[in-house]
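Working notes, structure below.
The values are calculated or read from the model by the stated rules, or taken from the named source; none is laboratory data. As the structure is a computational prediction, the values presented were derived from the model and not from experiment. Cβ sites come from the backbone with ideal geometry, for glycine too, and all protein chains shown count toward neighbours.
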Amino acid sequence: MSAPVAKALWNHYKRHPFQVLLVWLGLTLGIALLVGVMVINQHARQSYHHSERLFSSPFPYIVQPRNPDAKMPQGAYISLRRHGYSQCVPYDYLDLKLAGDKSIRLMGLDTVAMLPFWQREQRQNGSSQQMPMMLKSPYPVLASSDTAKYLGWQTVMLSALLMERC
């Protein structure tokens, strides 16, 4: 059955050789398009996975007072830690108005409570650093490079700003 079909195609393409080139070009472009789409999809999956890890919080629960203006008492945090909730990290934030109508939200974390997470990260990365820089004086402010560029901050200026605020 396939011999007559092959013979008919051979006779057709012998009379129209340009169509062989067009069929070959179509197959090549189709395969190239398929490979391109697969590469873009793979890159998108990797990007989504990286973003998910970047924005996921190691703290799955948030405990906050009913009144948004109220603060959690320190005793509640200590009680939670004593009852075995090891993923408790108190934080506070302050909205600051800077010169030039710029504003920024400064967020503070209990760095001692973050120590187990830092140690786990050090074990995973194989690093042997003794103490995290967050526990050394002067205590640093961490800002994204985009935020620092927007505000015109440099490393030295950032430390000076901290000393003035404290």
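If we scan the stretch 52-59, do we find a residue that is under 25 Å from residue 120 (Cβ atoms) and surrounded by 10 or more Cβ atoms within 10 Å (Cβ to Cβ)? Before you say what the answer is, go through the steps one by one.
In the first step, residues of the stretch 52-59 are kept if they are under 25 Å from residue 120 (Cβ atoms); the result is 52-59.
Now drop any that are not surrounded by 10 or more Cβ atoms within 10 Å (Cβ to Cβ), which leaves 58-59.
Yes, the stretch 52-59 contains at least one residue that is under 25 Å from residue 120 (Cβ atoms) and surrounded by 10 or more Cβ atoms within 10 Å (Cβ to Cβ).
Out of the residues in the stretch 89-130 that are of a type in the set (Phe, Trp, Tyr) and either touching a residue at least 40 places away in the same chain (Cβ under 8 Å) or not in a helix (DSSP H, G or I) (or both), which is surrounded by the fewest Cβ atoms within 10 Å (Cβ to Cβ)? Please lay out each step first, then the result.
Step one: list which residues in the stretch 89-130 are of a type in the set (Phe, Trp, Tyr), which gives 91, 93, 117-118.
Those still in the list that are either touching a residue at least 40 places away in the same chain (Cβ under 8 Å) or not in a helix (DSSP H, G or I) (or both) too: 91, 93, 117.
Working: 91: 12, 93: 10, 117: 14.
Only one residue tops the list, namely 93.
For the condition within 30 Å of residue 121 (Cα to Cα) and either modelled with pLDDT under 90 or in contact with a helix residue (DSSP H, G or I) (Cβ under 7 Å, 6 or more places away or on another chain) (or both), what is the one hit in 76, 44, 70?
Values: 44 fails: either modelled with pLDDT under 90 or in contact with a helix residue (DSSP H, G or I) (Cβ under 7 Å, 6 or more places away or on another chain) (or both); 70 fails: within 30 Å of residue 121 (Cα to Cα).
Exactly one residue qualifies, and that residue is 76.
Please state which one of 158, 162 is at pLDDT below 70, out of contact with any helix residue (DSSP H, G or I) (no Cβ under 8 Å at 6 or more places or on another chain) and surrounded by 14 or more Cβ atoms within 10 Å (Cβ to Cβ).
Numbers: 158 fails: out of contact with any helix residue (DSSP H, G or I) (no Cβ under 8 Å at 6 or more places or on another chain).
Unique residue meeting the criteria: 162.
How do the pairs read when you match residues in the stretch 9-37 that are among the aromatic types (Phe, Trp, Tyr) with residues anywhere that are part of a helix (DSSP H, G or I), using Cβ under 7 Å and keeping only pairs 6 or more apart or on different chains?
Once the first residue is among the aromatic types (Phe, Trp, Tyr) and sits in the stretch 9-37, its partners that are part of a helix (DSSP H, G or I) give 13/19; 13/20.
Quick check on residue 151: is it out of contact with any Pro (no Cβ under 6 Å at 6 or more places or on another chain) and either at pLDDT 80 or above or among the acidic types (Asp, Glu) (or both)?
Details: out of contact with any Pro (no Cβ under 6 Å at 6 or more places or on another chain): yes; either at pLDDT 80 or above or among the acidic types (Asp, Glu) (or both): no.
For residue 151, the condition - out of contact with any Pro (no Cβ under 6 Å at 6 or more places or on another chain) and either at pLDDT 80 or above or among the acidic types (Asp, Glu) (or both) - is not met.
State whether the residues of the stretch 7-20 include one that is within 30 Å of residue 136 (Cβ to Cβ), among the aromatic types (Phe, Trp, Tyr), at pLDDT below 90 and outside the structural domain of residue 153 (by TED's automatic domain parsing).
Keep residues of the stretch 7-20 that are within 30 Å of residue 136 (Cβ to Cβ), which gives none.
Checking the stretch 7-20: not a single residue is within 30 Å of residue 136 (Cβ to Cβ), among the aromatic types (Phe, Trp, Tyr), at pLDDT below 90 and outside the structural domain of residue 153 (by TED's automatic domain parsing).
Where residues in the stretch 103-128 are under 17 Å from residue 141 (Cβ atoms) and hydroxyl-bearing (Ser, Thr, Tyr), which of them is modelled with the lowest pLDDT?
Here the answer is 111.
Identify all residues within the stretch 71-125 that are of a type in the set (S, T, N, Q) and more than 19 Å from residue 147 (Cβ to Cβ); write none if there are none.
74, 79, 86, 87, 111, 119, 122, 124, 125
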